[in-house]
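Working notes for the structure below.
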Amino acid sequence: MKLENLEVFVVENQPPGWGGRYFIFVKLVTSCGITGYGEVYSASVGPEAMKAVIRDVFERHMLGSNPGDIEIMFRRAYSSGFTQRPDLTVIGAFSGLEIACWDIMGKAYNLPVYSFLGGLVNQRIRTYSYIYPLPEHDLMEFWSNPAMNAEAAKLMIADGFTAIKFDPAGPYTIYGGHHPSMRDIDQSVNFCRTLREAVDNKADLLFGTHGQFTTSGAIRLGQALEEFLPLWFEEPIPPDNLEEFGKIAQACRIPVAAGERLTTKTEFAAVLKSGGASILQPALGRSGGILETKKIAAIAEVFNASIAPHLYAGPIEWAANIQLAACIPNFLILETIGTGGEFHRQLIGDIPLWDNGYIIPPTGPGLGIDFDEDLASSKPYTGNKLHLEMQDEPCRYDRPNSFAGGTPPVEIKC
């Protein structure tokens, strides 16, 4: 059984657009006709350029190989061009292709992927989601309105969620870390207070940021939030100096979570050694794939750290996250988009089974999904934007900072 063919789908996300502008799916076919699917979560270059990278990685390092030879294919990609260091774009391409290889192996042996990685450990997988606006909410106002978020959060609790994530401390700018304005600190405190009152002790609060602060600015904000006992303070500083995370973890009484923009065990080990994060959030379509992330989870065990797989992408990465979560003992919680997202679930056959805020690991072969190629092909992304983008305008201190969620509303036609 050898890897023989590759096809790439760049699929435009559909309204309401949570999960980014588009998804990059890969399809691998073996010489004996077995098909596997994966997802690439790499946003540094445009989709056409990324398609070229994916094809190059496949043809250079994987074509003609047995799909089960994951380790040697990873070493080829990791060492490509005399590098042997983390490369978000190359490893992002490999990650999606590696996921497809596991899907093939599962189908070849009629077993779920987790069966190859130590077997089923977690029979029910706890989940969380961002708080998303209800149909009656004003999309622009929602992200800075604690009362609207509380309304939506209460419905999430009714759906069974025991953790909710929110991100009121924007903006994300190209300038790297900044000090939060007093307005942003006050808004963050108001969000935590309002949500804690709304959900009481029925759910953990997950305070999301995306690397927008300086180390001292993050400490200042984190200390202001301690009284509300968030489960985590997510990626408070940019990921380009991993040792700085340790300073925040030492100064704040909120667990630091990080990892959505890191790749391979090399970077995750560095943040663990710095004492900077006790919760790791690998994105499987970027972190090196399923086997590499299983290794990351094993390293995290040594540091008494937990794994909370990240998701702001499409449903195949979600399916891969579920396979990983099913087989690791230090799993904490799994990110989802709502209860899966209508378009997301359509793409993979309305799988997996949802049970009152928990996911039941699928028992079908491979990733346990039924990918709809016709639907994916009918929704091509033809724009020139990246999956996610940061704003050019720096943080303002003379007026409120605006943040419109993960996708600009003008593009998602809400």
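When A147 is tested against (1) surrounded by fewer than 17 Cβ atoms within 10 Å (Cβ to Cβ); (2) in contact with a Ser or Thr (Cβ under 8 Å, 6 or more places away or on another chain); (3) closer than 26 Å to L280 by Cβ, exactly one condition is not met: (3).
Out of I360, I333, one residue alone is surrounded by fewer than 19 Cβ atoms within 10 Å (Cβ to Cβ), among the hydrophobic types (A, V, I, L, M, F, W, C) and in contact with a Lys or Arg (Cβ under 8 Å, 6 or more places away or on another chain). It is I360. Within segment 155-170, residues that are at positive phi sit with their Cβ atoms under 9 Å from residues that are polar (S, T, N, Q), at 6+ positions apart or across chains, in these pairs: G160/T127; G160/T339; G160/N356.
Applying the condition of being surrounded by 20 or more Cβ atoms within 10 Å (Cβ to Cβ) and either at pLDDT below 95 or in contact with a Cys (Cβ under 6 Å, 6 or more places away or on another chain) (or both) to segment 1-17 and asking which residue is farthest from D103 (Cα to Cα) yields P16. Restricting attention to segment 295-306, does a residue exist that is touching a Phe, Trp or Tyr at 6+ places or on another chain (Cβ under 6 Å), under 21 Å from F74 (Cα atoms) and not aromatic (F, W, Y)? Yes, there is a match, as at least one residue in segment 295-306 is touching a Phe, Trp or Tyr at 6+ places or on another chain (Cβ under 6 Å), under 21 Å from F74 (Cα atoms) and not aromatic (F, W, Y).
Residues of segment 102-144 being closer than 18 Å to L332 by Cβ and charged (D, E, K, R), which ones?
Hits for segment 102-144 are R124, R126.
Criterion first (small (G, A, S), over 21 Å from the mean Cα position of the chain (by Cα) and at pLDDT 95 or above) does G96 satisfy it? Against the criterion (small (G, A, S), over 21 Å from the mean Cα position of the chain (by Cα) and at pLDDT 95 or above), G96 does not qualify.
Among the residues of segment 120-155, the ones that are out of contact with any Asp or Glu (no Cβ under 9 Å at 6 or more places or on another chain) and within 30 Å of G366 (Cα to Cα) come to 6 in all.
So is A326 in contact (Cβ under 8 Å) with a residue 40 or more places away in the chain and closer than 28 Å to R75 by Cβ or not?
yes
When you look at S129, is it crowded, with 20+ Cβ neighbours inside 10 Å, assigned to a loop (DSSP other than H, G, I, E, B) and of a type in the set (S, T, N, Q), yes or no? In short, no. Note on segment 99-126: residues that are part of a helix (DSSP H, G or I) and in contact (Cβ under 8 Å) with a residue 12 or more places away in the chain amount to 15. The listed residues are G36, G68, G96, G20, and the only one of them that is on the phi > 0 side of the Ramachandran plot and either in a loop (DSSP other than H, G, I, E, B) or of a type outside the set (S, T, N, Q) (or both) turns out to be G20.
The test for being in contact (Cβ under 8 Å) with a residue 12 or more places away in the chain, more than 27 Å from R75 (Cβ to Cβ) and in contact with a helix residue (DSSP H, G or I) (Cβ under 7 Å, 6 or more places away or on another chain) holds for I237.
Applying the condition of being of a type in the set (K, R) and surrounded by 14 or more Cβ atoms within 10 Å (Cβ to Cβ) to segment 36-92 and asking which residue is farthest from the chain's Cα centre (by Cα) yields R76.
The values are calculated or read from the model by the stated rules, or taken from the named source; none is laboratory data. Not measured: the values here are computed from a predicted model. Backbone-built Cβ (ideal geometry, glycine too); neighbour counts: all protein chains shown.
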